[in-house]
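Trainee: Pasting a structure below so you can have a look.
Where a number appears in this text, it was derived from the coordinates with a stated rule and is not lab data. What you see is a predicted model, and the numbers here were worked out from it, not measured in a lab. Here Cβ is always computed from backbone atoms with ideal geometry, including for glycine, and neighbour counts include all displayed protein chains.
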Amino acid sequence: MSAVAVIAACKQEFTIVHMSDPQVGFHDDTEHFVHSDSLFSAAVAAINDLKPEAVIITGDLVNDPAIEEQHEIYAAHVAEIQAPVYAVPGNHDIRGYTEEKRHEFLDRYGYDCFAFSAKDVYFIGINSDCIKDGAVDAEAGQLEWLINELQNAQGSKHIVVCMHCPIIRETIDEPEDYFNFPTEKRHEYISLFKENGVDLVLAGHTHKSFMTEYEGIFFTAAGPVGNAFKPCYPGFNVIKFGRKGFSVEYVNTPGMDLSQSSFEE
């Protein structure tokens, strides 16, 4: 399944690739997770052909953080990406937020939030696990950092915020469930983003592709690099920034038979 959303006319100047949920081991009982390995390898080959300015991965790097081989497969493919890579954790990477589990993630990957600029576009990545799991102190500390980075981003052509769990999938009043923010939190963060000029929010988690717009902000949950839920297939978002705006397109991973990589939810 492929979907395209365009904000204004877009004359390409540079490309960002948004990957999510490589989730090595998810729905994969092959020896040495060869199925996950193959999906990730094919995605990386296609992404390198695009020569993106950067690659952003919005969480669920592995399916089970206790299995070392899954981390090794993830790390091997990230090392093959011919662009800077920025990643935030997903719920499978931490599995129930605690400071101890967060520090285990930090010990392995070095960070759980990021900020960088590329050609006058400012990107901010946050850890949605503390928000979704109700870790009040951790969320408060991250929120202070996020507000500071939103201030640093002022004057940028675009501001992009990246996280694992979508704030919303399709509408602001959709029921709260496993795949979105609590209602109070979605209003809190959307208000903050609107006040600070955020115009694009990247997420994953759903193993399907979603795109919607609310209050002048475009929200997308990318389908997974790993196994997908029907009717989606494995793939990634290609985001093109130009003088007049940006475009977002979900692209199925080319060069593979994806029919065995899409499951009923």
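Trainee: Given LYS194/LYS240; LYS119/LYS208; LYS132/LYS240; LYS51/LYS132, which pairs have Cα atoms separated by over 32 Å?
Mentor: Over 32 Å Cα-Cα: LYS51/LYS132.
Trainee: Given the rule -39500 (n - 2.57) for each run of at least 4 DSSP H residues, summed and divided by the residues of the chain, what is its mean residue ellipticity at 222 nm, to the nearest 500 deg cm²/dmol?
Mentor: Computed mean residue ellipticity for the chain: -9000 deg cm²/dmol.
Trainee: If you don't mind, there's one more thing I want to ask. Rounded, prolate or oblate: which fits the chain when a ≥ b ≥ c are the square roots of the eigenvalues of the alpha-carbon gyration tensor, with rounded for a/c under 1.5 and prolate only if a/b beats b/c?
Mentor: rounded
Trainee: Could you check which residue among GLY235, GLY245, GLY223 shows the biggest mean-square fluctuation in a GNM of the chain with a 10 Å Cα cutoff?
Mentor: Per the Cα network of the chain with a 10 Å cutoff, GLY245 tops the list.
Trainee: Kirkwood hydrodynamic radius, segment 79-178, all distinct C-alpha pairs: what's the number in Å?
Mentor: It works out to 14.9 Å.
Trainee: If we count other beta carbons within 10 Å of each Cβ, what is the order of HIS71, HIS92, fewest first?
Mentor: Sorted ascending by nearby Cβ count, the order is HIS71, HIS92.
Trainee: Once you've got the GNM for the chain with C-alpha springs shorter than 10 Å, pick whichever of GLN142, GLN151, GLN23 has the biggest mean-square fluctuation.
Mentor: GLN151
Trainee: Mind checking the full-extension length gain between ILE147 and GLU184? Use 0.36 nm per residue of separation minus the Cα-Cα distance, one decimal, nm.
Mentor: Computed gain between ILE147 and GLU184 is 11.5 nm.
Trainee: What residue among LEU106, LEU39, LEU200 shows peak mean-square fluctuation when the chain is described by a Gaussian network model with Cα springs under 10 Å?
Mentor: Of LEU106, LEU39, LEU200, the most mobile in the Gaussian network model is LEU106.
Trainee: Any idea what the relative contact order of the chain is, in percent, if you count C-alpha pairs under 8 Å spaced at least 6 apart?
Mentor: Relative contact order for the chain comes out at 26 percent.
Trainee: For the chain, which longest stretch is free of loop sites, where a loop site is one of the chymotrypsin sites (Phe, Trp or Tyr not before Pro) that DSSP puts outside H, G, I, E and B and that has at most 16 other Cβ atoms within 10 Å?
Mentor: Counting only loop sites that pass the neighbour cut-off, the longest clear stretch is 1-110.
Trainee: Once a ≥ b ≥ c are taken as the square roots of the eigenvalues of the Cα gyration tensor of segment 36-126, is the result rounded (a/c under 1.5), prolate (a/b larger than b/c) or oblate (a/b not larger than b/c)?
Mentor: Verdict is oblate for segment 36-126.
Trainee: Could you tell me the distance between the Cα centroids of segment 201-245 and segment 90-139, to the nearest Å?
Mentor: Their Cα centres are 19 Å away from one another.
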